[in-house]
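Engineer: Let me give you the structure first, and then I'll get to my questions.
The values are calculated or read from the model by the stated rules, or taken from the named source; none is laboratory data. Source: prediction; values computed, not measured. So basically every Cβ, Gly included, is an ideal-geometry build from the backbone, and we count neighbours across all protein chains shown.
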Amino acid sequence: MNDNPKSRIMVVDDEASVLITYRLILEQQGYIVGAFSKSSDAIRALEEEKYDLVLCDYSLEEQHTGFEVITAARKRDAAIPAALLTGYATRDTADEAGGQKIVIMFKPIEIEEFLETTAKMLRREDESNEKSGQKSSGSQSSV
Amino acid sequence: MATAELKFQSDGRRASQRRGPATLRLLEAERSEAIFPVLLGEIVALGHPRAMVLDVDFDSGEITPSAALKWPRHLIGKFATQIWSTDNPIAGVLNSGHPAAFPKTSLHNRPLYIHPIFYSNKALCWEAERMRSENCLAVQNARREKRIRLEEQTCSTCEMRAYASVIVVELGKNTTEAVLAELAHIIELANRCLSRLFKVEHYYNRMRDMEITIAQMGTVMQSMADPVILTDTQHRVIMQNRAAERFFKVPDEMTEGLIRAVELNNMLFSAALSSMLVLGNDAHRDLTLVDAIEGEEMLFEAVSGPTFGPDGMQIGTVTVMRDVTDLRRADQELWLNYDKLREAEEVVRQDRDRLNLIIENVGDPIVVCDSAARIVLLDPLAQELFGSSSDSPSDAILVKNQSDFTNYISSFTFSFAERETAPLRIYNPAIKQSIEYDARSGKIFDERGQVSYTVTVLRDLTALRKVEQLKVERRMLEIEKFAATGRLAATIAHEVNNPMEAIKNAIYLLAGSVPESATPVYNILKSETERVARIVRQMLGLYRNTEQVKPVSVNTIVEDTLLILTRQLQRANVELLTRLRPLPDAVIAADQIRQVLSNLIINAKDAMPNGGRLHIRTRHLHGKDELHGWVQIIIADTGTGISAEMTRAIFEPFVTTKGEKGTGLGLWIVKGIIQNHAGKLLIRSRMGKGTVFRIDLPVVKS
């Protein structure tokens, strides 16, 4: 699983406890994690550092959404893999995410699945770096 | 009178017979026909050359010679004449009633003495005497009180047909008055003898006639099949016919039973007779007698009438008995049948009353028409629409309704259809509104298969339509409610979700640093948290979208769902077999159906831990009409199956076959969604074989 231990992952969630636990879990896996509770902080951080993956809660502080952060990340790196973590998504949200090749992971997320998907996305980024072609997997809705 | 033959005798023989005075010789005549020969002999003996007798037939009016003496045969015929030939001297004398002498006439070339004789007696005959009547023809003729009329020669008392004759004598030369007087005397003498004999012979003839009549009456009486009994005033039997003897005469065969039967019959008859006499004339009563020979009881109707003697006194009773055994039996049967009929009629009446009661309580107007489409029967509700059947309505609305209805029913009556349902718009005066009724008509046929009546029930569908409308509205409301519940659940879940995410993550992070002794507690913490996570996930699944209900292809939804789940199924070693047939669009909430499908597919996958086959099929089922139908989705696995007890409870909330892993909400939500779509959800399962879910969603042809 831990193929690329030095991968840098950005995690954005407005709930502090959730954010901390995600960071700890991902750090446990050996990733370098940048954790932010506000979209503005995250967007600013993207300008300062390079990330290999963005995991972002859909609904953020005030009326901000994860899309804003991902859009900002894609501005710097168009091919950066990104996932929205959310409790629920409307059809429109899902369609929008699909269109932008953004993975949706529905909370509550099985941690194994979470880690697996994260690793896969990072791997794909490697592949895409080589082949400059990427594919998004289907949303993982387990009901 | 007994002198019909002509007697022509030779004068020689006649002369030799003469001995003693003429009176004695006339008295010797024992019969009337012996009188004229004696008389003619006496006349010739007095010295007159010829004499003859002519008889008068009152019926034909003919006057014909019946006896003659010394008259040449060829001359006799000339004297025959008729009573109305007034210029004939014989007829003239007869009509005048007085004898007369004629010189040479056209009849005869010698002088003639012509003397008429009529039935006459000096004393009243017996009949007139018994009747105390003076009207005796014989006496009247003898007394010559009035002129004798030929047409009146029948006695008004005894109805005796009298006789009349004419004596014609040829006179010799120089006949004196004295000779004529002697001649007249002897003729009158002969007539007196003749009248007496004639009277006796008349009574003798009457007696003979009566005997014949009695014999005939006896034959008639004997030949009557009904017993006839003639009794005297003391109820003693004078006469009875054979039919009566069967009951009342002691038979030759003297058995005790027979005698007793006859005695009993006589007693019964006697009693009946007495009671009838009390009742008076033409009394009748029923009488049961025992047939002495057959030993059977027979019922008679006895009719009695008194018989009277010539003096008007009652001399007895005639009783005629009519065998009414069969009649009474038939009568009894008739009454029995009548009673049966009455009973049947009562049953029919009760049935009719019951039917009327039903009709009155149907709550829909009912109209019965005859074969000519005329209204013959209306229930009270129909009377509100068409008026009562008896009088033609004066109200313009009722007239219009009737004509509208008649138009409809006559076209139905003459159609070939046995029953028909058609919309019929009729103005209802009670609610002042035009209503579209659902007219349901049927035909009643007679024995020949002709329409005799039509029955129409008018169903007011307004209320029904309103109910249908309400149902649709309620369904929409249910979906709305479900969606609202979903929204609420989602909101709660969402709020719970994040803290739970943190807890879950924290538990994961603690995994390595839990002391040995705390491991069971840690495991409880971990598994229960996972359970809460699943419940939250399930609840979030209830509501993912605020989408509208719209026509969608179910096949597309199936394909979309499978696209997401294919990888999971492959990983679980489940072979997917789909057969999706062309479907009409169904008006559904696509996301909800997607949730239903993913729930059932994942359940199927879970039921096959060692892999298996998953069949997914869809098809279109046509409804009874053209309009409605169903879309059927079948999801069948070859998994472990569910026990019968479990299948009954499987759709209840918090019932799961998956133990700790399941939330027990999946199928409950599935059922809720299908119900909200007015669909049907069926489960069929066999342990060890697999489980089949069938979903039917209604579709309406647009």
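Engineer: What pairs come up if the first residue lies in the stretch A:15-39 and is closer than 21 Å to residue A:50 by Cβ, the second is assigned to a helix (DSSP H, G or I) and basic (Lys, Arg), and their beta carbons are under 7 Å apart, counting only those six or more places apart or on different chains?
Structural biologist: A:33/A:23; A:35/A:23
Engineer: Quick check, is residue B:443 modelled with pLDDT of 75 or more, buried (at least 18 other Cβ atoms within 10 Å of the Cβ) and either assigned by TED's automatic domain parsing to the domain that holds residue B:669 or farther than 30 Å from residue B:522 by Cα (or both)?
Structural biologist: When the stated conditions are applied, residue B:443 passes them.
Engineer: Would you confirm, using the coordinates I've provided, whether residue B:272 is in contact with a helix residue (DSSP H, G or I) (Cβ under 6 Å, 6 or more places away or on another chain) and either at pLDDT below 85 or over 30 Å from residue B:445 (Cα atoms) (or both)? So that I can check it myself, show each step before the final result.
Structural biologist: On the way: in contact with a helix residue (DSSP H, G or I) (Cβ under 6 Å, 6 or more places away or on another chain): no; either at pLDDT below 85 or over 30 Å from residue B:445 (Cα atoms) (or both): yes.
It is false that residue B:272 is in contact with a helix residue (DSSP H, G or I) (Cβ under 6 Å, 6 or more places away or on another chain) and either at pLDDT below 85 or over 30 Å from residue B:445 (Cα atoms) (or both).
Engineer: In the stretch B:575-595, what count of residues is obtained for those that are out of contact with any Asp or Glu (no Cβ under 7 Å at 6 or more places or on another chain) and within 10 Å of chain A (Cβ to nearest Cβ)? Steps first, answer last, please.
Structural biologist: Within the stretch B:575-595, the first condition is being out of contact with any Asp or Glu (no Cβ under 7 Å at 6 or more places or on another chain), and the residues that meet it are B:575-588, B:592-593, B:595.
Next cut, within 10 Å of chain A (Cβ to nearest Cβ) only: B:595.
So the count comes out to 1.
Engineer: Evaluate the stretch A:74-88: report whether one residue or more is among the polar types (S, T, N, Q) and within 19 Å of residue A:113 (Cα to Cα).
Structural biologist: Of all residues in the stretch A:74-88, those among the polar types (S, T, N, Q) come to A:86.
Filter once more, keeping what is within 19 Å of residue A:113 (Cα to Cα): A:86.
Yes, the stretch A:74-88 has at least one match.
Residues are listed down the side, and each one gets a yes or a no for (1) under 28 Å from residue A:94 (Cα atoms); (2) assigned by TED's automatic domain parsing to the domain that holds residue B:697; (3) without any contact (Cβ under 8 Å) to a residue 12 or more places away in the chain:
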| residue | (1), (2), (3) |
| --- | --- |
| B:561 | yes, yes, no |
| B:566 | yes, yes, yes |
| B:571 | yes, yes, yes |
| B:599 | yes, yes, no |
| B:603 | yes, yes, no |
| B:639 | no, yes, no |
| B:649 | no, yes, yes |
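Engineer: While we're here: When you go through (1) crowded, with 22+ Cβ neighbours inside 10 Å; (2) farther than 30 Å from residue B:590 by Cβ; (3) within 13 Å of chain B (Cβ to nearest Cβ); (4) small (Gly, Ala, Ser) one by one for residue A:16, which number turns out not to apply?
Structural biologist: (1) is the only condition that residue A:16 fails.
Engineer: Sticking with this one: Between B:650, B:616, which is at pLDDT below 85 and not hydroxyl-bearing (Ser, Thr, Tyr)?
Structural biologist: Values: B:616 fails: at pLDDT below 85.
After applying the criteria, what remains is B:650.
Engineer: If you scan the stretch B:204-222, which residues turn out to be without any contact (Cβ under 8 Å) to a residue 12 or more places away in the chain and among the aliphatic types (A, V, I, L, M)?
Structural biologist: Step one: filter the stretch B:204-222 for residues without any contact (Cβ under 8 Å) to a residue 12 or more places away in the chain, giving B:204-220.
Selection gives B:207, B:210, B:212, B:214, B:215, B:217, B:220.
Engineer: Now for a separate question. Looking at the stretch B:141-157, which of its residues are part of a helix (DSSP H, G or I) and under 23 Å from residue B:84 (Cβ atoms)? Let's see the steps before the verdict.
Structural biologist: From the stretch B:141-157, those part of a helix (DSSP H, G or I) are B:141-143, B:150-152; that's our starting set.
Correct list: B:141, B:150, B:151, B:152.
Engineer: Residues in the stretch A:35-49: is at least one out of contact with any Lys or Arg (no Cβ under 7 Å at 6 or more places or on another chain) and at pLDDT 90 or above?
Structural biologist: Looking through the stretch A:35-49, at least one residue is out of contact with any Lys or Arg (no Cβ under 7 Å at 6 or more places or on another chain) and at pLDDT 90 or above.
Engineer: Also, I was wondering about something else. With within 27 Å of residue B:446 (Cβ to Cβ) and of a type in the set (Lys, Arg) as the only criterion, which of B:328, B:374 stands out? Explain how you work it out, then say what you get.
Structural biologist: On the way: B:328 fails: within 27 Å of residue B:446 (Cβ to Cβ).
Result of the check over B:328, B:374: B:374.
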